[in-house]
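Undergrad: Here it is, the structure in full.
Every read-out reported here was derived from the displayed coordinates using simple, explicitly stated rules and does not represent laboratory data. Please read all numbers here as calculations on a predicted model, not as lab measurements. FYI the Cβ positions are ideal-geometry reconstructions off the backbone, even for glycines, and counts take in every protein chain you see.
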Amino acid sequence: MDYKERITMDPSGFVLLSDYVPGIVQEIRYFSTYNFVGDRIDGYEEPCAILTVEAARALKEVSNELNAQGFRLKIFDAYRPARAVRHFVLWGIEDLDLRMKPYFYPTLQKHELFAQGYIASQSGHSRGSTVDLTLLDMQTGTEVDMGSPFDLFDEISHPDYRGVTDEQFNNRMLLQKAMVRSGFLPLDCEWWHFTLKDEPYPDVYFEFPVSSAYLKR
């Protein structure tokens, strides 16, 4: 079965994350233009987080655990349509488009983003059980200091990078340990990226748009 045969538009196993975890904060970066491409990404029709039912249930466990410790989850990305990944690949081919390089990949060339695993030609996000997130301090309402911002493609964003402060490293481990306890696996080059270990669609890539309206059809 080749890649094209494993793409589907069927959203029946997916839910709006806010329906399962009402207290989450959402800043869906690929709906905005403040991302490493510099444009809204194909397939993002609404700034909402969508996940498989199984991933949403697991993330609710994480949220409950961290809420008790004074934190809320902030979501940057969840389900990502396969068309969005193709947008990334085409952007990677366009050598002249370097608008966002100073903000997101200041030390790397575009082709290195793919070679070093920051961007993939097939993304686990398109299988619906991968999420990019951070923590918010409930007392201050601000993001917890993780030592680097979301989507900064650099060694400093590796979860185990020890060039950050002890506090920043401990914050990363707080998030990571909570996610792992609820069944998620971390990524070795991005502290914000986690995939449900027992994801329900390990060999399927979805194409439907990021839109609450589409889920209700």
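Undergrad: Could you tell me the distance between the Cα centroids of segment 138-217 and segment 63-132, to the nearest Å?
TA: Taking the Cα centre of segment 63-132 as reference, the centre of segment 138-217 is 10 Å away.
Undergrad: For segment 76-170, what are the per-bin percents of Cα-Cα distances with bins 5 Å wide, up to the bin holding the maximum?
TA: Histogramming segment 76-170 at 5 Å steps yields 2, 11, 18, 22, 20, 15, 9, 3, 0 percent.
Undergrad: Output wanted: per-residue J couplings in Hz (rounded whole) for segment 107-123, from phi through Karplus 6.51 cos²θ - 1.76 cosθ + 1.60, θ = phi - 60°, x for Gly and Pro.
TA: My calculation for segment 107-123 gives 9, 10, 8, 4, 5, 6, 4, 7, 5, 9, x, 6, 10, 10, 6, 10, 9 Hz in order.
Undergrad: Something else now. List the aspartates and glutamates whose Cα sits under 20 Å from the Cα of Lys60, skipping any in the same chain fewer than 8 residues away.
TA: Within the straight-line limit of under 20 Å, Lys60 reaches these aspartates and glutamates: Asp19, Glu27, Asp77, Asp132, Asp137, Glu143, Asp198, Glu199.
Undergrad: Another question about this same structure. Just to be sure I understand the curve: with the Debye formula and one point per C-alpha of segment 9-96, what is log10 I(q)/I(0) at q = 0.17, 0.25 Å⁻¹?
TA: Debye intensities relative to I(0), on a log10 scale: -0.76, -1.21.
Undergrad: To continue, here is another question. Roughly speaking, what % of Cα-Cα pairs in segment 133-210 are separated by over 21 Å, rounded to a whole number? Let's see the in-between values first.
TA: Numbers: 1059 of 3003 pairs.
For segment 133-210, the share of Cα pairs beyond 21 Å comes to 35 percent.
Undergrad: For Thr8 and Asp198, compute 0.36 nm times the residue count separating them, minus their Cα-Cα distance, and round to one decimal in nm.
TA: Full-extension gain reported as 66.4 nm.
Undergrad: While we're here: Which of the following values of log10 I(q)/I(0) by the Debye sum over Cα atoms at q = 0.13, 0.14, 0.16 Å⁻¹ was calculated from the structure shown: (1) -0.64, -0.75, -1.01; (2) -0.84, -0.93, -1.09; (3) -0.72, -0.84, -1.12?
TA: Read-out from the structure maps to (3).
Undergrad: What's the FRET efficiency of Asp19 with Leu174 using the Cβ-Cβ distance as r and R₀ = 30 Å, to the nearest 0.05?
TA: 0.70
Undergrad: Shifting gears a bit: Give a residue-ordered list of calculated ³J(HN,Hα) values for segment 125-136 (Karplus: 6.51 cos²θ - 1.76 cosθ + 1.60, θ = phi - 60°; whole Hz; x for Gly, Pro).
TA: 4, 6, 8, x, 10, 10, 9, 10, 7, 9, 10, 10
Undergrad: Could you pull out which residues in segment 55-94 have an amide N less than 20 Å from a spot 7 Å beyond the Cα of Glu45, following the Cα-Cβ vector?
TA: 77-88
Undergrad: Could you go through segment 199-208 in sequence order and give the Karplus-derived ³J(HN,Hα) for each residue, using 6.51 cos²θ - 1.76 cosθ + 1.60 with θ = phi - 60°, rounded to whole Hz, and x for Gly and Pro?
TA: Result, rounded to whole Hz: 5, x, 10, x, 10, 10, 10, 9, 10, 5.
Undergrad: Another question, then. So what is the 222 nm mean residue ellipticity for the chain from helices alone, if each DSSP H run of at least 4 adds -39500 (n - 2.57) and you divide by all residues, rounding to the nearest 500 deg cm²/dmol?
TA: The helix contribution divided over the chain gives -8000 deg cm²/dmol.
Undergrad: So which lysines pass the test for Lys110, namely a Cα distance under 25 Å, with those fewer than 8 places away in the same chain ruled out?
TA: Excluding near neighbours in sequence, the set is Lys101.
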